[in-house]
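Here is the structure we will look at.
The values are calculated or read from the model by the stated rules, or taken from the named source; none is laboratory data. This is a predicted model, so every value here is computed, not measured. Note that each Cβ is placed from the backbone with ideal geometry, even for glycine, and that neighbours are counted across all protein chains shown.
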Amino acid sequence: MLYSSVNNPKIKELSKLKIKKFRDKQNMFLIEGMHLVKEAYESGLLKELLLLKGTEFQLDVETNYITKNVLKHLSQVESPSGIIGICRAKEMTLQGKKLLILDSVQDPGNIGTIIRSSVAFNIDTIIINDKCADIYSDKVIRSSQGMIFKTNIVKKDLSKFLNEIKGKIPIYGTKVTGGKSLKKLEKISEFAIIMGNEGKGVSENLLQLCDEYLYIPMNKACESLNVGVATSIILYELTK
């Protein structure tokens, strides 16, 4: 089928998926580009494929076609590829004992980078709070390079969650100063590591629930690292 009008009821409903509350309500989201669509398909999350009329791309999934004006209406990038995927949100539950906790990390690019690093360094579950950037926003998905489909992410009340796991698994908080140097940390197979907000770091009430604090030793001329970069370094050290 060819969709040629932005006023088509289906296209109007799909356009709403660019807004978080509608993604949450429909339990669906949009992706763009061949790479992301392939990742979604391989993960069993791709429901439907929308292709710009004349585009050739075959997958064993319902496929329909759209005109340039509809593509522009649905796309969230400056230069659309002509390939849009309609995906269902993955059902995810807490699992494993290598946990990454994100306290109010708000930049979508940082969230995407952290997701990629979490997959690279074998994190079992990422736990976020309701102040983190939406994991199904276009910017998070694109910056994750499709790793959003290969990871496990759950949303929790962080204070309550930390109280539940305290004593069962070591909890590490991150601070710019103080605590143990990452270089002195022994290899551990179970942990919950907390990374904080870009400007404020880890909340004080969460730091109080930690068993130990960690920091990355670095040149004193550099006050701090981007949370995405810092997370990648810490996860590498924790899991190598």
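Selection of the stretch 75-99 for residues being in contact (Cβ under 8 Å) with a residue 60 or more places away in the chain, among the β-branched types (Val, Ile, Thr) and either over 14 Å from SER137 (Cα atoms) or surrounded by 14 or more Cβ atoms within 10 Å (Cβ to Cβ) (or both) yields ILE86, THR93.
So that you can scan it fast, the table gives a plain yes or no per residue for (1) closer than 18 Å to LEU46 by Cα; (2) at pLDDT below 95:
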position	(1), (2)
LYS90	yes, yes
LEU99	no, no
GLY109	no, no
ILE127	no, no
SER137	yes, no
ILE148	yes, no
ASN152	yes, no
ASN163	no, no
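Pairs linking a residue in the stretch 28-51 that is not assigned by TED's automatic domain parsing to the domain that holds THR63 to a residue that is among the polar types (S, T, N, Q), with Cβ atoms under 7 Å and 6 or more positions apart or on different chains, do not occur. Filter the stretch 171-206 down to the residues that are within 20 Å of SER118 (Cβ to Cβ), outside any strand (DSSP E or B) and aliphatic (A, V, I, L, M) and list them by number. Across the stretch 171-206, the qualifying residues are LEU182, LEU185, ILE188, VAL202, LEU206.
Taken as a whole, the condition of being more than 14 Å from the chain's Cα centre (by Cα) and at pLDDT 95 or above does not apply to LEU36. Checked against (1) small (Gly, Ala, Ser); (2) in contact with a helix residue (DSSP H, G or I) (Cβ under 7 Å, 6 or more places away or on another chain); (3) modelled with pLDDT under 95, ALA192 meets all criteria but (3). Scan (1) within 22 Å of ILE11 (Cβ to Cβ); (2) under 11 Å from the mean Cα position of the chain (by Cα); (3) assigned to a helix (DSSP H, G or I) for the single condition SER118 breaks and write down its number. Condition not satisfied by SER118: (1). When LYS160, LYS168 are checked against the criterion of being of a type in the set (Lys, Arg) and not in a loop (DSSP other than H, G, I, E, B), a single residue qualifies: LYS160. Quick check, is VAL140 β-branched (Val, Ile, Thr), surrounded by fewer than 21 Cβ atoms within 10 Å (Cβ to Cβ), outside any loop (DSSP other than H, G, I, E, B) and under 12 Å from the mean Cα position of the chain (by Cα)? Criteria not met by VAL140.
Cβ-Cβ contacts under 8 Å between residues 6 or more apart (or on different chains), taken from a first residue in the stretch 143-170 that is not assigned by TED's automatic domain parsing to the domain that holds MET34 to a second residue that is of a type in the set (Lys, Arg), are listed as SER143/ARG116; SER144/ARG116; GLN145/ARG116; GLY146/LYS38; MET147/ARG116; PHE149/LYS90; ILE169/LYS97.
State yes or no: is GLU237 loosely packed, with under 13 Cβ neighbours inside 10 Å and either assigned by TED's automatic domain parsing to the domain that holds ASP124 or not aliphatic (A, V, I, L, M) (or both)? So GLU237 does not fit the description; no. Restricting GLU62, GLU39 to those that are surrounded by fewer than 18 Cβ atoms within 10 Å (Cβ to Cβ) and either within 14 Å of PHE149 (Cβ to Cβ) or not β-branched (Val, Ile, Thr) (or both) reduces the list to GLU62.
Of all the numbered requirements in (1) surrounded by 14 or more Cβ atoms within 10 Å (Cβ to Cβ); (2) within 21 Å of ILE114 (Cα to Cα), LEU209 misses one, and that requirement is (2).
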